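Written below as structure tokens is the structure these notes are about.
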Amino acid sequence: MTGCGWDVTIIVNGKPKRKERFASQGIMISMKKRVVLIVLDSVGIGAQPDAAAFGDAGAHTLGNINKKRKLHISNLLSLGLGNIQNARLPQTDAPKAAFGRSAEVTFAKDTTCGHWEMAGVIMERPFQTYPNGFPKELISEFERKIGRGTLGNCVASGTVIIQQLGDEHVRTGKPIIYTSADSVFQIAAHEQVIPLAELYSMCETARAMLVGDNLVGRVIARPFLGSNGAYTRTENRRDYAVEPVAETILDRFAQRGLQTVSIGKIEDIFCHRNVGLADHTKNNHDGIEATLKYLQGDEGSFIFTNLVDFDMLYGHRNDVEGYAKALEYFDARLPELIAAMREGDLMILTADHGCDPTYPGTDHTREYIPILALGPAWKGGAPLGTRTTFADIAATAVEYLTGEIWHNGTSFLNELPRKNPLA
């Protein structure tokens, strides 16, 4: 790379003491390239044109939160979050990142489809959903295999149904089965009634059953604690996905000898296929800490992080204040993430769907996702417009790390103006 520089670690008595940075002065050096993809789970930026088909017309996670309670997210706004079309947030005159939004092609609004599409897989046939509960014959077979009866089998909020059925569950030992507008089979159980290992085994049983005509995107273990109608979910959730139905960029990177780091529930979403180093963090704080650790280290060419709290703790619970504070917490930590980037790093901040906490119901919402792309080698301010598929993110990452063209989506790499055009 021309006109940049390099870091040299000074060794004293065989031990690293400090790093010095030296100007390259025209010397050509090889700079490691990395892509850091951070998914702010459910941070949507306005209803897609087909949102009415999902019952989500008018949803706008970021805009409606900001309308209810002004968001103090100066760092995200400085990158250009408010400059995205219909963001309903304050704009800046000099965005530090390229900014845009993307629609989802897959006719869905769930976590799995969203992550798969941004990793390059567009599903022609979305997963099955069960607005009236699961078929009786399927539940009966599940009960036979686990040796217990079940409760629920309905569409419900996870935090509500454990209050409604928790006492009966504790008394009978029957796990609570429920679903949502998304393609999920969720099993809730008290950790002192059904131990985690048994709950996870039940999920594996359900996962093996929910294929073919009953293909469900995720089976989710939902453990909780508490007593006498006052129950709280724990952080021992576990997701059981199916393997992606086509090649993902994780597969491609593995084939090219590039190491992936998967943080949060990424390993579950991709059914552990070519996820590389996996750090299964359970909340935003730990996810940010893990991302920082790998940014500051030497492992990984592709760092893929999911920050789950926005969705899990606040969106599904219609908690506007909690959601707002979670956004502000991420915003406060964002400068640390940016400061940890190196010359060859490209960071992309995005989401996987919406979950508007102001909207009726507790389900995900069919929304555009924001895209903010930045790195030390690029100027800010480039408008990326409205992308037609989340797979544009995949195409960009593949082009940057391998120089290859991805088969879905259109890379926006050449729309990011470099500070040094010769680099």
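The values are calculated or read from the model by the stated rules, or taken from the named source; none is laboratory data. None of these values were measured; they are calculated from a predicted model. Methodologically, a virtual Cβ is constructed for each residue, glycine included, from the backbone with ideal geometry; neighbour enumeration extends over all protein chains shown. Surface areas here come from the heavy atoms of the whole protein model, side chains and all, with no ligands, DNA or RNA. Shrake-Rupley method; radii C 1.70, N 1.55, O 1.52, S 1.80 Å.
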Candidates D279, D268 - the one that is charged (D, E, K, R), at pLDDT 95 or above and within 27 Å of F185 (Cβ to Cβ): D279
Residue check for V219: open to solvent by less than 50 Å² (accessible area, probe 1.4 Å) and β-branched (V, I, T): yes
Residue ID - nearest to W116 (Cα to Cα), chosen from residues in the stretch 341-392 that are part of a strand (DSSP E or B) and among the acidic types (D, E): E367
Single condition Y368 does not satisfy, out of (1) open to solvent by less than 10 Å² (accessible area, probe 1.4 Å); (2) over 26 Å from Q259 (Cβ atoms): (1)
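Table: residues versus (1) within 24 Å of L313 (Cα to Cα); (2) of a type in the set (A, V, I, L, M); (3) surrounded by fewer than 22 Cβ atoms within 10 Å (Cβ to Cβ).
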{"site": "W116", "(1), (2), (3)": "yes, no, no"}
{"site": "E124", "(1), (2), (3)": "no, no, yes"}
{"site": "F142", "(1), (2), (3)": "no, no, no"}
{"site": "R148", "(1), (2), (3)": "no, no, yes"}
{"site": "G166", "(1), (2), (3)": "yes, no, no"}
{"site": "H169", "(1), (2), (3)": "yes, no, no"}
{"site": "T172", "(1), (2), (3)": "no, no, yes"}
Extreme residue, most open to solvent (accessible area, probe 1.4 Å), among residues of the stretch 309-329 that are aliphatic (A, V, I, L, M) and under 21 Å from A221 (Cα atoms): L313
Elements of type helices (runs of 4 or more DSSP H) contained in the stretch 49-162, each with 2 or more residues being within 22 Å of the chain's Cα centre (by Cα) and under 29 Å from I338 (Cα atoms): 61-68, 74-79, 111-118
Evaluation of Q85 against (1) open to solvent by less than 50 Å² (accessible area, probe 1.4 Å); (2) in contact with a strand residue (DSSP E or B) (Cβ under 8 Å, 6 or more places away or on another chain); (3) of a type outside the set (V, I, T) (one fails), failing number: (1)
Per-region count, the stretch 278-316, residues within 24 Å of R207 (Cβ to Cβ), without any contact (Cβ under 8 Å) to a residue 60 or more places away in the chain and of a type outside the set (G, A, S): 4
Given (1) open to solvent by 40 Å² or more (accessible area, probe 1.4 Å); (2) at pLDDT 95 or above; (3) within 30 Å of F107 (Cα to Cα), index of the condition P195 fails: (3)
Unique match (being open to solvent by 50 Å² or more (accessible area, probe 1.4 Å), more than 13 Å from A188 (Cα to Cα) and modelled with pLDDT of 95 or more) among R256, R252: R256
